[in-house]
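Peer 1: Pasting a structure here, questions to come.
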Amino acid sequence: MIKIIKRLTLLSLLMTAMQSHAWFWDSWFQPNHYTETKYPIVLAHGLLGFDEILGIEYWYKIPAELRKDGAEVYVTQVANTNYTEVRGEQLIAQVENIIAVSGASKVNLIGHSHGGPTIRYVASVRPDLVASVTTVAGVNKGSKTADFVRKIPEGSAAEALLASMFQALSTVIDFVSGGGYEQDALGAMASLTTAGALAFNADHPQGIPESACGEGAYRVNGVRYYSWSGGGVLTNVLDPSDALLGITSVPFGFTDNDGLVGTCDSHLGQVIRDDYRMNHLDEVNLLFGLHHLFETDPITTYRNHANRLKNAGL
């Protein structure tokens with residue numbers, strides 16, 4: 001009887017150890033599939049954006065964190081300055097390649113800043129390629145900063161100087177990042193003004209709210225529309241970009257903005273939030289993850305959204 005008890009005790013301990021080992025393995029080494037969306041996630045950068053420059057990621061650590069728990073993620077690159085329609089056509093070509101490589105039938109597009117209207121163009125022209133559109137601080141109704149810049153008289157020496165500097169910067173960014181695209185600084189600025197955005201919206205209205213600060217249609221032509229943005233400017237004293245965004249926010253006065261885009265002007269489809277304490281660069285986790293100490297980590301917002309897409313069957 002004692003031997004039987006000993007054997008049963010040993011068997012019980014062995015089974016407990018095996019279960020503990022399985023729990024440890026599942027908890028620490030196996031992905032939990034939290035971000036495993038049905039369709040690949042495609043990230044599209046904004047004005048003066050890139051995929052990576054000298055080890056600096058535009059979407060700092062975001063793709064890796066999404067992939068860690070199951071997401072298939074692709075980082076795209078288009079002209080960092082050009083008309084929205086030009087950037088959109090460039091992105092369509094990349095989406096077609098991504099679909100061919102991945103075997104997926106559609107993709108989930110996430111665009112930051114000028115990447116917002118860029119992905120909206122893709123969804124409008126080729127809805128068959130797109131499962132969802134998410135704009136992060138998307139310039140969906142224009143930017144007062146762009147409006148301020150465009151007040152410089154056309155054809156003036158000041159405009160020529162500013163345009164040449166902007167064009168040179170965008171060309172350098174494209175060269176260093178290996179983009180290989182033609183840049184058009186004035187074209188980009190025209191697209192990002194309020195007038196340019198309203199003209200674009202007339203041709204591509206999907207998801208745009210009818211009211212000044214409301215929500216737009218959640219689903220159009222089979223494409224799901226989402227948006228979120230920040231409402232802060234000076235968010236971290238260690239971040240040197242805060243000072244620059246403090247300057248670019250001046251045209252907004254005291255209205256809510258992230259330094260380049262007004263909170264209400266970023267609304268599209270289902271608005272997740274428009275008041276994160278994040279400025280325009282915090283929203284993509286630049287620079288090197290510096291952000292407001294008492295706000296949600298930007299990476300977490302992307303992980304949560306990937307899970308939202310997953311739960312929606314996207």
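Peer 1: Would you point out which residue out of Ala306, Ala312 is open to solvent by less than 20 Å² (accessible area, probe 1.4 Å), of a type in the set (A, V, I, L, M, F, W, C) and modelled with pLDDT of 90 or more?
Peer 2: Only one candidate passes the filter, namely Ala306.
Peer 1: Can you find a residue in segment 283-293 that is touching a strand residue (DSSP E or B) at 6+ places or on another chain (Cβ under 7 Å), open to solvent by less than 50 Å² (accessible area, probe 1.4 Å), over 20 Å from Pro63 (Cβ atoms) and part of a loop (DSSP other than H, G, I, E, B)? Steps first, please.
Peer 2: The first filter runs over segment 283-293 and keeps only residues touching a strand residue (DSSP E or B) at 6+ places or on another chain (Cβ under 7 Å), leaving 283-284.
Still in the running and open to solvent by less than 50 Å² (accessible area, probe 1.4 Å): 283-284.
Still in the list and also over 20 Å from Pro63 (Cβ atoms): none.
Scanning segment 283-293 turns up no residue that is touching a strand residue (DSSP E or B) at 6+ places or on another chain (Cβ under 7 Å), open to solvent by less than 50 Å² (accessible area, probe 1.4 Å), over 20 Å from Pro63 (Cβ atoms) and part of a loop (DSSP other than H, G, I, E, B).
Peer 1: Here is a follow-up. How about segment 236-258: which of its residues are part of a helix (DSSP H, G or I) and in contact with a His (Cβ under 7 Å, 6 or more places away or on another chain)?
Peer 2: Residue satisfying the conditions is Leu245 alone.
Peer 1: Determine the pairs where a residue that is farther than 20 Å from Leu286 by Cα and open to solvent by 10 Å² or more (accessible area, probe 1.4 Å), located within segment 106-119, has a partner that is of a type outside the set (S, T, N, Q) and part of a strand (DSSP E or B) with Cβ atoms under 7 Å apart, the partner being 6 or more residues away or on another chain.
Peer 2: What qualifies is Lys106/Val130; Lys106/Ala131.
Peer 1: Of Ala217, Ala190, which residue is over 17 Å from the mean Cα position of the chain (by Cα), small (Gly, Ala, Ser), over 23 Å from Pro298 (Cα atoms) and in a helix (DSSP H, G or I)?
Peer 2: None of the others qualify; the one that does is Ala190.
Peer 1: Taking the conditions exactly as written (open to solvent by 10 Å² or more (accessible area, probe 1.4 Å), assigned to a helix (DSSP H, G or I) and within 19 Å of Asn257 (Cα to Cα)), does Asp147 satisfy them or not?
Peer 2: Criteria met by Asp147.
Peer 1: Another one. Here are some conditions: (1) in contact (Cβ under 8 Å) with a residue 60 or more places away in the chain; (2) more than 27 Å from Pro40 (Cα to Cα); (3) out of contact with any helix residue (DSSP H, G or I) (no Cβ under 7 Å at 6 or more places or on another chain). Gly269 meets all but one. Which one does it not meet?
Peer 2: The single condition Gly269 does not satisfy is (2).
Peer 1: Just give me the residues in segment 164-183 being within 15 Å of Asp51 (Cα to Cα) and hydroxyl-bearing (Ser, Thr, Tyr), in sequence order.
Peer 2: Ser170, Thr171, Ser177, Tyr181
Peer 1: Does Gly196 meet the test of being surrounded by fewer than 15 Cβ atoms within 10 Å (Cβ to Cβ), closer than 17 Å to Gly262 by Cβ and not hydrophobic (A, V, I, L, M, F, W, C)?
Peer 2: Spelling it out, it is not the case that Gly196 is surrounded by fewer than 15 Cβ atoms within 10 Å (Cβ to Cβ), closer than 17 Å to Gly262 by Cβ and not hydrophobic (A, V, I, L, M, F, W, C).
Peer 1: Does Val250 count as within 21 Å of Arg120 (Cα to Cα) and either out of contact with any Asp or Glu (no Cβ under 7 Å at 6 or more places or on another chain) or open to solvent by 50 Å² or more (accessible area, probe 1.4 Å) (or both)?
Peer 2: no
Peer 1: Is it fair to say Arg224 is under 22 Å from Leu43 (Cα atoms), crowded, with 20+ Cβ neighbours inside 10 Å, at pLDDT 95 or above and of a type in the set (Lys, Arg)?
Peer 2: yes
The values are calculated or read from the model by the stated rules, or taken from the named source; none is laboratory data. Keep in mind that this is a model prediction, so the values were computed, not measured. Glycine also receives a Cβ, built like all others from the backbone with ideal geometry; neighbour counts cover every protein chain displayed. Heavy atoms of the whole protein, side chains included, go into the accessibility calculation; ligands, DNA and RNA do not. Shrake-Rupley method; radii C 1.70, N 1.55, O 1.52, S 1.80 Å.
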